[in-house]
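Undergrad: Quick one: structure below, then a few questions.
Readers should treat all values here as calculations from the given coordinates under stated rules, not as data from a laboratory. Being a predicted model, the structure only gives us computed values, none of them experimental. Don't worry about glycine lacking a Cβ; one is built from the backbone with ideal geometry, like all the others, and counts go over all protein chains shown.
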Amino acid sequence: MLPASKRGKPRAEVQVDEVTGCWNYGGTLDRDGYPGMVSLPGGVRTKAHRAYFIQAGGVIPDGYHLDHLCRNRRCVNPDHMEPITPTENQERRVRGNRRNQQMIRELVTVDRLMTVEEAAESFMLPVHYIEAIIRWPQG
Ligand SMILES: [Zn+2]
């Protein structure tokens, strides 16, 4: 059973991870492991995960990055993407690094020393980002 997406459908080039709901892109990846460039209808070239997001009706304001909430670079599931400013993207990388992700999961779900909201405050990350770290324990 494939997890249903609110937006868009996985195409043949995509392999759905039934545990995480990630749509792992089977096309060419760039050297950083992100989906490679594709053409949108009209000929504009963009990264495949951005193309999936846009084709699912998502809007990416000028200059914004598309963050993988699931932190799986190969993923093109529009539901796992969020347009954010480059500054926010940088902050998430630093504050939500692998070590902190591990710590957040332990504090909230294993040791139960913090609520999601408290973790968001201590790590200076948005609540939905903390939820994503717990929901998609990878990366
Ligand atoms: Zn994903």
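Undergrad: At 0.36 nm per residue, and after removing the present C-alpha to C-alpha distance, how many nm does the segment from Q90 to A12 gain when stretched out fully?
TA: Once the chain is fully extended between Q90 and A12, it gains 24.8 nm.
Undergrad: Compute the normalised compactness of the chain: alpha-carbon radius of gyration over 2.2 N^0.38 Å, N being the residue count.
TA: Scaled against compact globular proteins, the figure is 1.09.
Undergrad: Which value, in debye to the nearest 20, describes the size of the charge dipole of the stretch 14-84 about its Cα centre when Lys and Arg Cβ atoms bear +1, Asp and Glu Cβ atoms bear -1, and nothing else is charged?
TA: That gives a dipole near 240 debye.
Undergrad: Next question, about the same structure. Lys/Arg Cβ at +1, Asp/Glu Cβ at -1, dipole of the stretch 67-139 taken about the Cα centre: which of V76, Y129, M114 is farthest positive-ward?
TA: Of V76, Y129, M114, it is V76.
Undergrad: Rounded to the nearest 0.05, what FRET efficiency is calculated for R73 and T109 with R0 set to 22 Å and r the Cβ-Cβ distance? Mind dumping the intermediate values first?
TA: Values: r = 24 Å, r/R0 = 1.08.
After rounding to 0.05, the efficiency reads 0.40.
Undergrad: Which whole-number percent of Cα pairs in the stretch 90-135 have a distance greater than 13 Å? Please list the in-between numbers first.
TA: On the way: 466 of 1035 pairs.
Pairs farther apart than 13 Å: 45 percent.
Undergrad: Then there is this: Expressed as a whole number of Å, what is the distance separating the alpha-carbon centroids of the stretch 39-84 and the stretch 93-122?
TA: One Cα centre to the other: 26 Å.
Undergrad: Given the Cα-Cα distance of D62 and Q138 and 0.36 nm per residue of separation, how much length would full extension add, in nm? Could you put the intermediate results ahead of the total?
TA: On the way: separation 76, 0.36 × 76 = 27.36 nm, distance 2.91 nm.
Full-extension gain reported as 24.4 nm.
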